[in-house]
1. Given a Förster distance of 22 Å, report the FRET efficiency between ALA67 and ARG27 from their Cβ-Cβ distance, rounded to the nearest 0.05.
2. Go through (i) 5.3; (ii) 6.4; (iii) 10.7 and flag the label whose value is the computed mean projected area of the Cα convex hull in nm² for this structure.
3. Stretch ILE39-ARG74 to full length: gain in nm at 0.36 nm per residue minus the Cα-Cα span?
4. Skip the ligands, DNA and RNA, and give the accessible area per residue of the chain with a 1.4 Å probe, whole Å².
5. Looking at the chain as a GNM with Cα springs under 10 Å, which of SER51, SER35, SER17 has the largest mean-square fluctuation?
Amino acid sequence: MNAIHPKTPLFLLDSISYDNLRQQVLRRDGWRCQSCGTISNLEVHHKQFRSHSGDDSGENLSTVCTACHSALHRG
């Protein structure tokens, strides 16, 4: 019989901490979209979506431009 494991709580930050992490991610990624290399209209993307148990950690975040971010969410 398989053991039932409780769901691990997500690591989600409050808005001020998330804003600080967002700035760290932008700096880490050299203020460039990690998909196309542009330096304008930058956003921070959750590689594993929050809705799919993705957390607010630097390892799960990447800098992308608005166009690439939209494309990532469209699949």
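1. Result of the calculation: an efficiency of 0.55.
2. Given (i) 5.3; (ii) 6.4; (iii) 10.7, the calculated one carries the label (ii).
3. Between ILE39 and ARG74, full extension yields an extra 10.4 nm.
4. Heavy-atom SASA per residue in the chain reads 72 Å².
5. SER51
The values are calculated or read from the model by the stated rules, or taken from the named source; none is laboratory data. Keep in mind it's a predicted model, so treat the numbers as computed, not measured. Glycine also receives a Cβ, built like all others from the backbone with ideal geometry; neighbour counts cover every protein chain displayed. Each accessible area value is taken on the protein alone, full model and side chains, heavy atoms only, with ligands, DNA and RNA left out. Shrake-Rupley method; radii C 1.70, N 1.55, O 1.52, S 1.80 Å.
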